[in-house]
1. Take peptides 313-325, 370-382, 346-358 and line them up by average Cβ neighbours within 10 Å, highest first, as a rough protection proxy.
2. In percent, how large is the relative contact order of the stretch 1-154, given Cα pairs closer than 8 Å and 6 or more residues apart?
3. Once you keep just the Cα pairs under 8 angstrom separated by 6 or more residues, what percentage relative contact order results for the stretch 348-421?
4. Pairs of alpha-carbon atoms within less than 8 angstrom and 6+ residues apart define the contacts here; what relative contact order does the stretch 111-210 have, in percent?
5. With charges set only on the Cβ (+1 for Lys and Arg, -1 for Asp and Glu), what does the dipole of the stretch 78-213 come to about its Cα centre, in debye to the nearest 20?
6. What is the distance, in nm, between label points placed 7 Å from the Cα along the Cα-to-Cβ direction at Lys147 and at Gln239?
7. Just grab the label-to-label distance for Arg190 and Asp345, each label 7 Å out from Cα along the Cβ direction, in nm (one decimal).
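No value in this document is a laboratory result; all are computed from the given coordinates. Because the structure is predicted, anything quoted here is derived from the model rather than measured. Cβ: placed from backbone, ideal geometry, glycine included. Neighbour counts: every protein chain shown.
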Amino acid sequence: MDSPHHEFTYFKPTAASDIVAAWERTAHLIRERKAPKNITLYVHWPYCVSQCTFCFCDMQVPRSAGAFSQYAAMLKREMDLFRAPLRGIQFSRVWFGGGTPTFMPDGELNDLLNHLRSCFSIAPKAEIYFEAAPSTLTTSKLAILIKHGLNHITMGVQTLDKELLTQLDRRGQTSVGVGRIYRMLQDHPRVITDFDLMVGLEGQTEDSFLKDFVRLLALRPGMVHIYPFDPRPGTLSFQSGTVAQDRLYDKLRILSRTVSAVARRFGYQTALMYQDIGDDLNRDVEPVVLELQNRSLQGFGESVLGLGYSAISHAFGSCQYQHQRVGQDPLNTDGVPPFLSMPMDRLDEMHGYIVRNLTRYGAFYPAAFHEFFGEDVLNIPSIRTQLLNLRASGQLEISDKRIWLPTRDLMERLVLVKHFYSSSLKRTLIRANRENYQRFLYNCAKAGDQISEEVADRILSRSLLMLCTRNDLVGGRSAWDDTATNGTVSSETINGGPVISLRDDIRNSP
Ligand SMILES: C[S@@+](CC[C@H](N)C(=O)[O-])C[C@H]1O[C@@H](n2cnc3c(N)ncnc32)[C@H](O)[C@@H]1O
Ligand code: SF4
């Protein structure tokens, strides 16, 4: 209910001119070195070839022949809007997500990237990143992306199982196609290629998942993200009623040891986001976590200029805002998408930094906080009071290096971080909850008892996103990365559990 990224609970409709003014303030703070200099440009391309039955993304299958060019024209208008306020500010990351940005026709893609570079200044070593569905990545498209500086791509594979792909209505993808695109990318060594893989899909067996995992690791991608299937109400699977009661996220919980052991064998390290598994899997992941804190798209405090429907933005020290979600209605591409925002000052940013890090990792680093805000966290009175109170009650630990919540219970963590909400956020929440209470009750009544189970399942499933990173990429500085720390991670990041026995056909594959 009170996550800034869901349901707009406390985001208010805001005029475009106010958002422009917010960016003017943020640009001023960046120039004065009172805001982090790293800033991300995110572009949301909502269109996909088909709607995969499992998908929870903000996407649409295009409704008309003109949809692509109209949406691209709208994105260009939004770029024009922020050209002047952000003049002279260098973007350190350019991310295209979706939907499927590689589904954009060649002409629109080239034109949009040209327009982007004419409006904004991109740092020479900026990360230029695309999400890609393999079936949409052609030779000509890749050539356009390379020309515009692509250096990082995630290929959404999800599964390589042919029958499963049909069942999931993931059209156009074949394992031969994935291999072909991957080989094409290998001709461009400066492009780091990652894979998304899913576990717990309807009809997917453990063997089929592990087989896919081994086949992908053998290709030596930069990273494999393993997503446990999250059957949110927006997914076709949920709507068809086939998965509502299944606790599918358990699949990754059960498999996590095996996944870690397999990853290690291939020279990869694993880390669990939002992890709540109370065993030694998490023993040595701190450096990985520290690195993730510095590299997340939301930046854990850095500014993000998000363009297009559903995009989330953060003008540091001014406001957070989100565009209207994609939904199922045809998109109105006149003008720019509506803005919904919430004001943020610098103190809110500090509180927000702590809330996000403690929620996601159960810890944060005073040195990283200092690097970010130029101030000692224990010198901020409103934060200091809460830290010391929680320590006195045994719910928080403080050392020179790290501040952390010892609990391994994610729900408890979510409650404890509320102590760090800033007073202005608390005021906003109280106001917003009053206004949204009726809507919330209505939604609960509509969804019946399912809603509480749904919420719990959803939080737990997110708790288990697993990242497998190639050893040589952990702890080092990659070409694009100005923000990564120099933290190094031992090759034995995750301690092994019991001996894993994999079936021979998996062990020897591919
Ligand atoms: C924004 S989607 C874009 C992926 C891209 N369009 C493709 O299909 O390759 C990013 C990732 O979210 C993951 N994802 C989508 N629906 C999910 C769900 N219901 N539960 C968990 N992960 C999901 C998939 O792994 C997907 O690759
Ligand atoms: S998984 Fe990718 S291609 Fe499939 S519907 Fe979601 S965003 Fe579109």
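1. The most tightly packed comes first, giving 313-325, 346-358, 370-382.
2. Numbers: 195 pairs, mean separation 36.4, N = 154.
Relative CO of the stretch 1-154 lands at 24 percent.
3. 41 percent
4. After rounding, I find 31 percent.
5. Working: 14 positive and 17 negative charges, 143 e Å.
Charge dipole, the stretch 78-213, about its Cα centre: 680 debye, nearest 20.
6. 3.8 nm
7. About 4.4 nm separates the two model spin labels.
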